[in-house]
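Asker: First, the structure itself, so that you have it in front of you.
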Amino acid sequence: MKLLTLLLLALPLAWAETSFEAKWTKAVRPDVDGTLSFHEEGIRFQPEKETRPVLEWSFENVQHLDRVSPTELAIQSYSDSMARLGRDRWYRFVLLNGTLSDELYQKVVARIGKPATDRVVSEPPGTELAIPAKQVRLFKGSQGTLYFTPQWIMYSTEAPGESRKWRLDRDVAAVWSSDPYRFEVHALGGSESFVRRPSVYRFSLKRPLDSVFYTELKMKLYRLRGTR
């Protein structure tokens with residue numbers, strides 16, 4: 001009996017469903033209130049009005065997940081959007097109670113098993129290198145800090161929606177530096193182009209990037225790509 005109890009305790013517990021009151025936000029049509037839940041098999045949105053259809057995706061059918069903020073997320077499906085000339089359709093939600101925690105977000109992304117976008121960033125523990133930087137964009141950049149840890153590259157800024165968090169073995173296709181004051185992250189993301197390309201994030205560094213650190217980072221990425 002004691003052995004059976006120990007065996008039962010050793011079994012992994014089923015993933016308890018986590019639900020939030022949420023709003024499905026639309027660009028043109030009225031928003032839809034309902035319940036957004038994460039469960040063992042995927043993600044479900046149950047509209048408040050029973051006449052509306054339920055939205056549901058298995059983890060396999062989620063193409064990309066974007067945590068815009070602790071209370072906002074977007075799901076890229078594999079469904080065509082006729083209004084957007086056949087591009088894959090995005091569904092955007094705002095949580096009305098609670099937040100999408102780091103623990104839950106990482107758990108969901110792990111089940112999806114694909115690159116993801118995370119815009120919720122703070123200074124991480126285990127930082128190997130931190131460099132003040134400006135993200136260079138076509139019209140308006142942002143000021144922040146690049147953090148490097150053994151598993152992540154992170155860009156933290158106060159500019160809304162501009163922070164990013166890339167896991168080296170999942171989200172980063174490559175890094176590039178043309179000189180000690182320039183750095184690029186080529187990230188695998190929710191590209192909507194017919195020809196999929198990594199998104200390129202360019203940074204102007206306020207302190208030089210150590211050449212030895214940069215070389216070791218590139219070698220680490222080469223090794224990780226070989227194990228994908």
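Asker: Per 5 Å bin from zero, what fraction in whole % of the C-alpha pairs of the stretch 40-96 is there, up to the bin with the longest pair?
Answerer: Result, from short to long distances: 4, 16, 23, 26, 22, 8, 1 percent.
Asker: Right, next: What's log10 of I(q)/I(0) for the chain at q = 0.09, 0.11, 0.13, 0.17 Å⁻¹, Debye sum over Cα points only, no solvent?
Answerer: Scattering profile of the chain, log10 relative to I(0): -0.45, -0.66, -0.87, -1.28.
Asker: Then there's this: Mind listing the phi-derived Karplus ³J(HN,Hα) values for the stretch 137-146, rounded to whole Hz, using 6.51, -1.76 and 1.60 with θ = phi - 60°, and x for any glycine or proline?
Answerer: These are the phi-based 3J(HN,Hα) values: 10, 4, 10, 8, x, 9, 9, x, 9, 8 Hz.
Asker: Quick one: the Cα spread of the stretch 113-207 along its three principal axes, in angstroms, biggest first?
Answerer: Computed over the stretch 113-207, the largest-to-smallest principal extents equal 37, 31, 28 Å.
Asker: GNM on the chain, C-alpha springs below 10 Å: top fluctuator among L205, L55, L188?
Answerer: Of the options given, L55 has the highest mean-square fluctuation.
Asker: Divide by every residue of the chain the summed helix terms, -39500 (n - 2.57) for each DSSP H run of at least 4, and state the resulting mean residue ellipticity at 222 nm, rounded to the nearest 500 deg cm²/dmol.
Answerer: Rounded to the nearest 500, it is -5000 deg cm²/dmol.
Asker: Of P208, T18, G34, which is farthest towards the positive pole of the chain's charge dipole, taken about the Cα centre with +1 and -1 on the beta-carbons of Lys, Arg and Asp, Glu respectively?
Answerer: My answer, from the dipole projection, is P208.
Asker: OK, next. May I ask you to give the solvent-accessible area per residue for the chain, in square angstrom, as obtained with a 1.4 angstrom probe?
Answerer: 60 Å²
Asker: Between D118, D210, D66, which gets the highest mean-square fluctuation from a Gaussian network model of the chain, Cα cutoff 10 Å?
Answerer: So, out of D118, D210, D66, the one fluctuating most is D210.
Asker: In whole Hz, with x marking every Gly and Pro, tabulate ³J(HN,Hα) for the stretch 163-177 from phi via Karplus 6.51 cos²θ - 1.76 cosθ + 1.60, θ = phi - 60°.
Answerer: Each residue's phi maps through the Karplus curve to give 5, 9, 9, 10, 7, 4, 8, 10, 10, 9, 7, 6, 10, 8, 9 Hz.
Asker: Provide, as a two-decimal number, the C-alpha radius of gyration of the stretch 86-149 over 2.2 N^0.38 Å, N being how many residues it has.
Answerer: My calculation over the Cα atoms of the stretch 86-149 gives 1.46.
Asker: Run through every distinct alpha carbon pair of the stretch 64-116 and return the Kirkwood hydrodynamic radius in angstroms, one decimal place. Can you show the working numbers first?
Answerer: Working: mean 1/r = 0.0832 Å⁻¹.
For the stretch 64-116, the Kirkwood estimate is 12.0 Å.
Asker: With +1 on each Lys and Arg Cβ and -1 on each Asp and Glu Cβ, and nothing else charged, work out how big the dipole of the stretch 69-228 is about its Cα centre, in Debye to the nearest 20.
Answerer: 480 debye
Asker: On average over all directions, what projected area in square nanometres does the stretch 35-135 have, based on the convex hull of its Cα atoms?
Answerer: About 9.0 nm², averaged over all directions.
Asker: Would you mind telling me the share, in percent, of accessible area of the chain contributed by carbon and sulfur at probe 1.4 angstrom?
Answerer: 54 percent
Asker: Could you work out the relative contact order of the chain, using alpha carbon pairs under 8 angstrom and six or more residues apart, expressed as a whole percent?
Answerer: That works out to 13 percent.
Asker: When all protein chains stay in place, what accessible area (Å², nearest 10, 1.4 Å probe) is found for W57?
Answerer: Number for this one is 20 Å².
Asker: Of the cross-linked pairs K114/K218; K165/K206; K23/K220; K23/K134; K49/K140; K23/K218, which ones have a Cα-Cα span greater than 31 Å in the structure shown?
Answerer: Result: K23/K220; K23/K134; K49/K140; K23/K218 exceed 31 Å.
The values are calculated or read from the model by the stated rules, or taken from the named source; none is laboratory data. What you see is a predicted model; the values in this text were computed from it and never measured. Backbone-built Cβ (ideal geometry, glycine too); neighbour counts: all protein chains shown. Note: areas computed on protein heavy atoms with side chains; ligands, DNA, RNA excluded. Shrake-Rupley method; radii C 1.70, N 1.55, O 1.52, S 1.80 Å.
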